[in-house]
Amino acid sequence: MSHWIELNIGPVHPATHGIYRFRVKLNEETVEDVDITIGYLHRNAEKICELNYFVNNTIYFDRMDYIDAMNMELGYLRAVETLMDMEVPERAQWIRMIMAELSRIAARMVGIGALGLDVGMLTPFFHTFHEREKIQNIFVEASGGRQEVNYMSIGGVYQDFNDTIINEIKEFIAGFKGKLEEIVKMFTDSEIFWQRNVGTGVLEPDIALDYGVTGPMLRASGIPYDVRKDSPYLYYDKVNFDVPIAKSKDNMGRFLVKVEELRQSVRIIEQCLAKLPEGPYFNPKAKKSAMLLLKGQGDVFTRVESESGEFGVFIRGDGNVKPYRVHARSPSFKNLAVVPIMAKGSLIADLIITIASVDAVAGEVDR
Amino acid sequence: MYKILSEETDKSGMKVLNIDKSDLVELMEDYKNRRYYLSSITGVDMKDHIDVIYHIHNFDKNDYLCVKVSTSDEKVPSITKLWKAAIVDEREQYDLMGIVFEGHENLRRILLPDEWVGHPLRKDYDLNKVQYISMDRDGNEHVSFDDKEGW
């Protein structure tokens with residue numbers, strides 16, 4: 001004799017990390033089916049982009065994955081620069097790389113901290129946000145913005161690195177290495193954390209590929225795919241880093257992959273700082289007086305690795321100063337769609353952990 | 001057997017296959033058997049017709065491929081039978097662009113409320129017409145052109 005319950009989680013609920021609505025069909029405590037409603041943060045950035053000049057659109061991309069704004073900007077600008085055949089000076093490329101990795105660390109700090117909150121561990125959250133705060137101070141120093149930075153521009157960056165910023169980054173990296181191990185130890189020392197994460201939210205690799213899942217979720221399912229490694233952009237082919245994978249396919253695997261990627265990000269930033277050359281930080285073809293006149297024609301589709309996966313941007317230009325069509329392939333949108341498969345047959349409490357480990361950002365899902 | 005109308009390279013160096021929409025499912029099935037996976041679906045409103053652009057990806061060879069079909073009656077065969085990733089992608093393109101994917105089992109709006117009028121990414125969509133959303137006690141969303149209704 002089964003007892004069916006339909007349970008509503010969200011749209012505004014701490015476990016959803018944003019605003020989604022999960023309608024869960026429960027058989028006693030076992031999840032039978034999950035229906036996800038999204039769109040509460042939908043602003044149709046793609047339409048807004050069609051109405052603006054190419055250079056104005058970076059701020060709308062900032063607001064997609066708002067905790068990883070640098071990588072979103074980079075994704076858009078890579079497509080625009082390919083469309084316009086715009087060269088980016090060497091120094092600007094290294095600066096972009098440092099900022100993209102710092103942004104990735106900042107985003108992961110939110111993801112890991114929130115996972116801890118859902119398990120019932122309050123302490124790591126404060127430590128991770130303390131580290132994130134330091135990165136945001138660096139962003140303020142460089143761009144003036146804490147979260148929605150609007151730092152990169154077509155053909156370079158808006159402001160050069162000065163000695164203060166470089167020292168701040170060096171100081172942060174020196175402190176972060178030890179701090180990261182301390183934070184990880186907080187998680188892995190906890191028996192409850194292991195019990196809640198091991199064996200829950202299992203995602204088989206063939207299902208992950210079928211659903212278009214990318215990023216740490218795909219790597220935690222055992223497939224070593226990383227855009228930075230497989231089709232390098234910026235200077236990712238000139239630095240050494242490894243792509244971690246997990247064989248366990250569960251929530252613990254995803255956590256460990258994310259942690260290992262943080263260590264790799266630190267490695268990348270250290271190499272970037274050592275290699276940072278002198279020179280111009282923007283392309284004179286895209287100087288401020290000429291920015292609104294930049295035109296593009298043709299189709300492009302380029303990809304970057306954002307914190308949640310493969311972020312692709314499609315742009316079609318019709319030779320005008322405004323794009324004809326902009327489309328963003330957002331990784332969180334695909335990653336979230338696989339949650340019903342992962343949660344089927346698990347306990348309702350494990351569903352919450354699974355949602356947290358997917359680490360979908362509402363702004364990017366809804367765009 | 002499917003027929004490729006023309007082959008080109010786009011600005012990012014990606015191979016583009018232009019095909020007729022009646023060949024779409026057959027071509028995609030062939031590429032699926034070669035271990036390609038769906039990455040994204042984009043619709044582009046060209047005023048007299050709609051271009052539907054599929055990006056597929058092979059993880060082993062790290063090869064990206066772009067498949068283009070164009071439709072003048074807003075209808076395109078669905079590829080949800082081949083890849084599950086198409087379920088949300090096709091729903092999104094139906095919602096925002098108004099492309100009807102024939103054979104999709106659950107083709108309803110995904111980002112906008114079900115009652116929304118029009119498809120925003122169409123070039124003839126009127127941006128000045130404001131639609132107001134309200135939610136009833138059961139959590140269902142209702143759309144109205146009158147800002148007082150439902151409140």
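Observations
- The angle between the Cα long axis of helix A:123-143 and the main principal axis of chain A comes to about 10°, on a 0 to 90 degree scale.
- Over 19 Å between alpha carbons, listed pairs A:K134/A:K287; A:K322/B:K75; B:K47/B:K75; A:K185/A:K247: A:K134/A:K287; A:K322/B:K75; A:K185/A:K247
- Surface/4 estimate of mean projected area, convex hull on alpha-carbon atoms of chain B, nm²: 11.1 nm²
- In the full protein context, chain A carries 36 Å² of accessible surface per residue, based on a 1.4 Å probe and ignoring ligands, DNA and RNA.
- Leaving ligands and nucleic acids aside, the A/B contact buries around 3700 square angstrom of accessible area in total at a 1.4 Å probe radius.
- If only the Cβ of Lys and Arg carry +1 and only the Cβ of Asp and Glu carry -1, the dipole of segment B:4-86 around its Cα centre is close to 400 debye.
- Compactness check for chain A: Cα Rg over 2.2 N^0.38 Å is 0.99.
- Rounded to the nearest 20 debye, dipole of segment B:83-127 from Cβ charges on Lys, Arg, Asp, Glu: 80 debye
- Mean separation of Cα pairs under 8 Å and 6 or more residues apart, divided by the residue count, gives segment B:28-151 a relative contact order of 17 percent.
- In chain A, taking the dipole from charged Cβ atoms about the Cα centre, the farthest positive-side position among A:V257, A:I48, A:A69 is held by A:I48.
- The simple spin-label model puts a point 7 Å past each Cα toward its Cβ; for A:D206 and A:T30 those points are separated by 2.3 nm.
- These residues, B:L5, A:L41, go from largest to smallest accessible area, 1.4 Å probe, as B:L5, A:L41.
- About the Cα centre, charge dipole magnitude for segment A:41-366 (Lys/Arg +1, Asp/Glu -1 at Cβ), debye: 400 debye
- Cβ-derived FRET efficiency at R0 35 Å, A:L292 paired with A:N240, nearest 0.05: 0.30
- Options A:V338, A:G298, A:F311, ranked by Cα towards positive dipole end of segment A:266-349, top entry (Cβ charges): A:G298
- Measuring r between the beta carbons of A:L122 and B:S72 and using R0 = 60 Å, the FRET efficiency lands at 0.55.
- Backbone HN-Hα couplings from phi across segment B:30-37 [Karplus 6.51/-1.76/1.60, Hz, Gly and Pro as x]: 4, 6, 5, 5, 8, 6, 9, 10
- Selection from B:A86, B:N33, B:Y2 lying farthest towards where the dipole of chain B points positive, charges on Cβ: B:N33
The values are calculated or read from the model by the stated rules, or taken from the named source; none is laboratory data. Model, not experiment: these values are computed from the prediction. Glycine gets a Cβ as well: all are built from the backbone with ideal geometry, and neighbour counts include every protein chain shown. Each accessible area value is taken on the protein alone, full model and side chains, heavy atoms only, with ligands, DNA and RNA left out. Shrake-Rupley method; radii C 1.70, N 1.55, O 1.52, S 1.80 Å.
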